[in-house]
There are 2 protein chains.
Amino acid sequence: MSQQDDVPTPPWERPRKRQAPARIPLTRERIVDAAFVVLDRDGFDKLSMRQVAAKLGVAVSALYVHVDDKDELLRLMYNRMFEGVDLPDPDPETWQEQIKDFARSGRERLLRHRDMARISMGHVPFTGELLPHIEKLFAILKAGGLPDKVMAIAGDLLSTYMEGFTLEENMWRERMGEASWQTISTETENYFASLPPDRFPNLVALADLMVGETNDYRFELGLDIIVRGLASYSVSPSAPDGDEAP
Amino acid sequence: MSQQDDVPTPPWERPRKRQAPARIPLTRERIVDAAFVVLDRDGFDKLSMRQVAAKLGVAVSALYVHVDDKDELLRLMYNRMFEGVDLPDPDPETWQEQIKDFARSGRERLLRHRDMARISMGHVPFTGELLPHIEKLFAILKAGGLPDKVMAIAGDLLSTYMEGFTLEENMWRERMGEASWQTISTETENYFASLPPDRFPNLVALADLMVGETNDYRFELGLDIIVRGLASYSVSPSAPDGDEAP
DNA sequence: GTACATTGTGAACAGTGTTCTTTCGGCTTT
DNA sequence: AAAGCCGAAAGAACACTGTTCACAATGTAC
């Protein structure tokens, strides 16, 4: 636990000037790292400052030197999600696919850590770090020929769908952690299918489509609906790219 | 606080047989009522079993006779949201408006109580009480000529948007509780407008549209985008009702 | 080598959800 | 009418939570 009983390191072993950091200094980065370890292991409900401190082998109060709040810690975790995001340059030909990629990579990032969607939800989505991404998203939408008022709401629409869908995904998996996904989905499908068909004809009929399909497939479909809706507002001549419905 | 030192009420003052229910019995209903009072007064973060008990003038442990969990209490609050919901019978002519009304009334219900959106989020949306509503929503979508696979995802899409949008609404108002809405929105607009225009041309240009518009307007617009996307999948001949874009 | 400022410590405070045992009140049964 | 009973409420306790405080150790600067 304590390394105080080591002999002092001889001078010729000290590489440059002082000492190689024998005791790794506590930094925001290390705290956030530890928080993610705890999150993935214990879930959001058990993510406490004490657990994070324990993971680092450090007293709780030490965290508060580097982090104001638990809220700030969560904000740092939230911001980390956007590290390395790189949206492509807007292309009027493929803007719909570019928008979809934006949402896909968002969902991917949310699924990377357990309960991440719960942290993401409940954050006003305008921390300074992600302004560049919003800007680029807007650029893509503009390239698609969308009017300003639609652009102004499209960001909310997309992130809301992406976060909400992923949150629901997360919840199904969390709420029944023991049983396998296969078990749950067939059980749920059977439940819907077993409802009285005179009162719930549609629920019975759609039972397999509601839970039987892959989450990936359902996400894609919802995404396509949104993008079609956006495209219907496009004023650019090349908006309907062939497979538009009506 | 305690009424034990009262003299016993003389018999001629007892109205009928016993006593008029001097001590109103604790029921789930009364507990949920009190919980809503606390919620509206103190917000979700301060909604604790102890506060609810205090509101009822009762010990905390008394609540657990009627309610298993805090989770169950939240579930009861969630279910109350759907009391009195009455969707119209499906009409192929106006299904788009019917869908919109569904989302509008949902948002309305969510805004009725402070932080209600946070309770709603984080509930797998299939409690038995609201199966009838989902069924009827499906009926409306079917009347609109939507294929089965689209119907199966449309519910998620709509409720996700409705809840996510309202949650964000709630958050803006909560996070800066003191200042007026007017103050906040102009401040935010100024912030966006003051960004360096070479790096954030779109954010600067859209500043007024993003925060200047009414929440009602922005909600309607997002709703319209979704419904247009849904309608683009309709196979019924009367789907495009005139003002469809392409 | 001494002063300083930063960083980590341990204890404490005010809350939280939940459970346990005890007490009470109103109802039924003699 | 008295006795008993059983569900419901009370009170205290447990194991947590986020956060703050005064104090000790640490390494840096003069």
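The values are calculated or read from the model by the stated rules, or taken from the named source; none is laboratory data. Nothing here was measured: the structure is a model prediction, and the numbers come from that model. With ideal geometry, Cβ positions are generated from the backbone for all residues, glycine too; neighbour counts draw on all protein chains shown. Just the protein is used for accessible areas: all its heavy atoms, side chains included, with ligands, DNA and RNA removed. Shrake-Rupley method; radii C 1.70, N 1.55, O 1.52, S 1.80 Å.
Out of everything in segment A:207-224 that is more than 18 Å from the chain's Cα centre (by Cα) and modelled with pLDDT under 95, what residue ends up being farthest from the other protein chains (Cβ to nearest Cβ)?
Among them, the one singled out is A:Thr214.
Given the conditions (1) modelled with pLDDT of 95 or more; (2) under 25 Å from A:Gly212 (Cα atoms); (3) within 12 Å of chain A (Cβ to nearest Cβ), and given that B:Gly144 satisfies all but one, which numbered condition is not satisfied?
(3)
Got a sec? Which of A:His123, A:His113, A:His133 is modelled with pLDDT under 95, in contact with a Phe, Trp or Tyr (Cβ under 9 Å, 6 or more places away or on another chain) and under 20 Å from A:Phe36 (Cα atoms)?
Testing whether each residue is modelled with pLDDT under 95, in contact with a Phe, Trp or Tyr (Cβ under 9 Å, 6 or more places away or on another chain) and under 20 Å from A:Phe36 (Cα atoms) leaves just A:His123.
On the basis of being more than 8 Å from chain B (Cβ to nearest Cβ) and either of a type in the set (Lys, Arg) or out of contact with any Lys or Arg (no Cβ under 9 Å at 6 or more places or on another chain) (or both), does A:Leu158 make the cut?
Yes; evaluated as a whole, the condition is true for this residue.
Need a quick list: helices (runs of 4 or more DSSP H) entirely within segment A:32-132 having at least 3 residues that are open to solvent by 40 Å² or more (accessible area, probe 1.4 Å).
Numbers: elements: A:49-56, A:60-66, A:70-80, A:95-112, A:116-120.
Correct list: A:49-56, A:60-66, A:70-80, A:95-112.
Applying the selection to segment B:196-214, what residues are in contact with a Pro (Cβ under 8 Å, 6 or more places away or on another chain) and open to solvent by 50 Å² or more (accessible area, probe 1.4 Å)?
B:Arg199
Say whether the condition of being within 15 Å of DNA strand D (Cβ to nearest atom) and of a type outside the set (D, E, K, R) is met by at least one residue in segment B:67-81.
Checked against the condition, which is being within 15 Å of DNA strand D (Cβ to nearest atom) and of a type outside the set (D, E, K, R), segment B:67-81 yields at least one hit.
Look through segment B:61-87, keep the residues that are in contact (Cβ under 8 Å) with a residue 40 or more places away in the chain and away from every other protein chain (no Cβ under 14 Å), and return whichever of them is farthest from DNA strand C (Cβ to nearest atom).
Among those that are in contact (Cβ under 8 Å) with a residue 40 or more places away in the chain and away from every other protein chain (no Cβ under 14 Å), it is B:Val85.
Give just the number: which of (1) free of Cβ contacts under 8 Å to residues at least 12 places away in the same chain; (2) farther than 28 Å from A:Lys46 by Cα; (3) more than 8 Å from chain B (Cβ to nearest Cβ); (4) not aromatic (Phe, Trp, Tyr) does A:Ala152 not satisfy?
Condition (3) is where A:Ala152 drops out.
Please find, among B:Glu108, B:Glu97, the residue that is within 11 Å of the chain's Cα centre (by Cα), away from every other protein chain (no Cβ under 14 Å) and more than 28 Å from A:Glu174 (Cα to Cα).
Working: B:Glu97 fails: within 11 Å of the chain's Cα centre (by Cα).
Sole residue among the options that is within 11 Å of the chain's Cα centre (by Cα), away from every other protein chain (no Cβ under 14 Å) and more than 28 Å from A:Glu174 (Cα to Cα): B:Glu108.
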